[in-house]
Amino acid sequence: MTKAKEYITTIKEDIKHRDPDQSEFQEAAFAVLDSLEPVLEQHPEYIAANLLARIVEPERVLQFRVPWQDDAGNYQVNRGFRVQFNSAIGPYKGGLRFHPSVNLSTVKFLGFEQIFKNSLTGLPIGGGKGGSDFDPKGKSDNEIMRFCQSFMTELARHIGPDLDVPAGDIGVGGREVGYLFGAYKRLRGFQNGVLTGKGLTFGGSAARTEATGYGLLYYTQAMLHAHEDKLQSKKIKISGSGNVAIYALQKAAELGATVLTVSDSNGYVYDPTGIDTAQVQQIKEIERGRIADYAQRVKTAEYHTGSVWDLDIDYDIALPCATQNEISEAQAQAMVAQHVSYVAEGANMPSQPEAVQVYHENGIFYGPAKAANAGGVAVSALEMSQNSERLSWDFRQVNDDLENIMHDIFTKSEESAKRYGLDHDYQAGANIAGFEKVAQAMMAQGLV
């Protein structure tokens, strides 16, 4: 066992001992640590500085009570979280997730991933994440407003334009960001750089809504180009029907691909003629309905309960855009049988570790979430720049910058993989490229 491998093993054992019940965080941390052995072999000074032990421990973890009142006058209590993980290259940056599954392990896993995702963008932002186990589904606008106001009453003490800049995530869209910003403004005054994903009338950025989905396709386009391939005429499975999935669907169609599926937590629709973006937007964004409604309106579509990854059809590209751990080992094996050539992740870590191993073993080119879905945080950082300049850039400028950033992320990941003899392992390449920038900054800043 090399000294680097021994050091990584020690760090993993420490994580298991300190956080034995945080399975989501362990999964994210171990996936990164296991890919860093060649870097540590070339940089023994990182081992001497115990850099990995410092990078896997958040700089700050906040957990707080969020009391709020529902429309019936009953008092409710949820938990709020903010993990400020690493500020070596800039202020903490990462979304807020409102979903019943949110706990400390989930927030730490997302925050740890965010360190390297943000580093890959090339922009000066550190890693953080937050949220609550509050479920916006079925709540009235007034209930969501009251919850957001209570949540921000505590969070406002710990964030700021040069300290920590939250954004949206699952369950936190434009409506929630607006309520959160309004509450912050009443507490601290107007600081339009304190949250991103804002409305265009109060400091938001053009293309922010589209950014993660569009960015996913720009990354996928770059990955195909590296293999002398192109998106035109490709058949694609997309999971999910939220913001990321909708704009991935829209951009894929613009680039000449045919998207065969979208889904929600109940089931999926399959349309061999290609999913209609406008219909999905009408159902999900305007009516806030279920994806089953699509099959009732489009004659060529079929609705099925269960996972879209169990649908047995041949296709070329998988774009999971729903949630973490949605693709199992067996479903990845099915992708192999269905002649899938590329997987690029729009959701955060949607492929279980065993599924990722199947991709690697069977020659499926794999774009991990921290690289492929970085478009959202990239445009969030561009929103911060616009806020600092007191300017608003037009859609074309932001979209062009996004496309360049996503192509650059792929290029950096590819070059890092090749530099360490890892061939087309874009997962390891992304981990290494993201880590090296943060590691250099931490070493330069001393004991931080």
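No lab work stands behind these numbers, since they all come straight from the coordinates. Small disclaimer: the values here were computed from a predicted structure and weren't measured. Positions of Cβ are generated from backbone atoms using ideal geometry, with glycine treated the same way; all protein chains shown enter the neighbour counts.
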Margin query: Can you compute the modelled spin-label distance between residue 190 and residue 330, with each label point 7 Å from Cα toward Cβ, in nm?
Written below: 5.7
Margin query: Please list 3J(HN,Hα) in residue order for the range 399-408, calculated via the Karplus relation 6.51 cos²θ - 1.76 cosθ + 1.60 where θ = phi - 60°; whole Hz, with x for glycine and proline.
Written below: 5, 5, 4, 4, 4, 5, 4, 5, 5, 5
Notebook entry, point to check: Around residue 172, which amide H atoms from residues at least 5 apart in sequence, or from another chain, sit under 5 Å from its own amide H, with H modelled in the peptide plane?
Noted result: 98
Checklist line | Global geometry of the range 330-448, whether rounded, prolate or oblate, following the gyration tensor of its Cα atoms and the 1.5 cut on a/c | finding: oblate
Check: Which order, highest average first, do 226-237, 62-73, 351-362 follow once you tally other Cβ atoms within 10 Å for each residue and take the mean per peptide?
Finding: 351-362, 226-237, 62-73
Note to self: Along the Cα→Cβ direction, 7 angstrom out, place labels at residue 305 and residue 45. What is the inter-label distance in nm?
What the structure shows: 6.0
Next item on the list: Starting with the highest mean, order 202-211, 111-120 by the number of other Cβ atoms within 10 Å, averaged over the residues of each peptide.
Entry: 111-120, 202-211
Checklist line | For the range 186-287: rounded, prolate or oblate by the Cα gyration tensor [a/c cutoff 1.5] | finding: oblate
Next item on the list: Quick one: which residues, 5+ away or cross-chain, put their amide H under 5 Å from the amide H of residue 62? H built at 1.01 Å from N.
Entry: 82, 83, 84
Note to self: Compute, for the chain, the length of the dipole vector about the Cα centre, with Cβ point charges of +1 (Lys, Arg) and -1 (Asp, Glu) only. Units Debye, rounded to 20.
What the structure shows: 1420
Next item on the list: Just the number, please: percent antiparallel of the DSSP beta bridges in the range 211-372, rounded to the nearest 5.
Entry: 35
Next item on the list: Provide the three semi-axes, in whole Å and in decreasing order, of the ellipsoid equivalent to the chain as defined by the square roots of 5 times the Cα gyration tensor eigenvalues.
Entry: 30, 30, 21
Next item on the list: Could you tally the net charge around residue 361, taking each other residue with its Cβ under 14 Å from the Cβ of residue 361, Lys/Arg +1 and Asp/Glu -1?
Entry: -4
Next item on the list: Go through the range 258-272 residue by residue and turn each phi into a ³J(HN,Hα) via Karplus (6.51, -1.76, 1.60, θ = phi - 60°); whole Hz please, and just put x for glycine and proline.
Entry: 10, 8, 8, 9, 9, 8, 9, 5, 8, x, 9, 10, 10, 10, x
Check: If we sort 430-440, 12-22, 132-142, 382-392 on the protection proxy, mean other Cβ atoms within 10 Å, highest first, what's the order?
Finding: 430-440, 382-392, 132-142, 12-22
Margin query: For a test of the definition: using alpha carbon positions, the gyration tensor, and the 1.5 limit on a/c, classify the range 211-372 as rounded, prolate or oblate.
Written below: prolate
Next item on the list: Read phi for every residue in the range 339-347 and hand back ³J(HN,Hα) as whole Hz from Karplus 6.51 cos²θ - 1.76 cosθ + 1.60, θ = phi - 60°, with x for Gly and Pro.
Entry: 6, 6, 9, 9, 10, 10, 9, x, 8
